[in-house]
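This report concerns only the one structure given below.
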Amino acid sequence: MRTLFHSSLLRHIASVGILAILACFCALPTAMATPNFPGVIQNDLDLPYEPECALCHGHGEGGGDTANTPFALTLKSRGMVPYNTYSLTSALDSIAQDEVDTAGDGTPDIEDLQAGSDPSVPQDGGELPPSPELPEYGCSVSHPQTPLPSELFYTLPLLALLLIRRKKSR
């Protein structure tokens, strides 16, 4: 036979568990950010340094739609998409194999990175060539795997909590 205290304790434990799950869901959007890309570049190319965010994000602050330096556009034209490290390593492999020179200064991008230089900046003081065209159709276009809106990470667990409480009250 359950006592009032026992039933209340179980409800309290269930509420704490649901709040813990809610806290995990709230942390998910930050866990799915792309800040790991500099480390992926460092590891993939065996660089002695971790590139700055400004390598792809001109202002250096990052963010999904701000990867707009010439080097970032080169990577995007080779299939790189946000939140997908495989697409980044594949794009790096592609520009290495083709010896792509984004800056048009005669030094391939991978050699620029290995020398600690920015592949978007011509080392010879010349002007940048036109940016590569980004694909707009076909199999080469992939839809970025962007995280779900953060509102869902807050709303769904709360909705689940309300449904559970409603079910128990019947």
One residue from Gly106, Gly64, Gly60, Gly116 being at pLDDT below 90 and out of contact with any helix residue (DSSP H, G or I) (no Cβ under 7 Å at 6 or more places or on another chain): Gly64
Those residues of segment 111-121 which are closer than 15 Å to Cys56 by Cβ and not small (Gly, Ala, Ser), in sequence order: Asp112, Leu113, Asp118, Pro119, Val121
Residue in segment 67-94 that is modelled with the highest pLDDT, counting only those that are hydroxyl-bearing (Ser, Thr, Tyr) and within 20 Å of Gln123 (Cα to Cα): Thr74
Residue satisfying condition, being modelled with pLDDT of 95 or more and over 22 Å from the mean Cα position of the chain (by Cα), within set Gln123, Gln97: Gln97
Pro132 part of a loop (DSSP other than H, G, I, E, B), touching a Pro at 6+ places or on another chain (Cβ under 8 Å) and either at pLDDT 90 or above or of a type outside the set (Phe, Trp, Tyr) (or both): no
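The values are calculated or read from the model by the stated rules, or taken from the named source; none is laboratory data. In this text, all values refer to a predicted model and were calculated from it rather than measured experimentally. We place every Cβ from the backbone using ideal geometry, glycine too, and count neighbours over all the protein chains shown.
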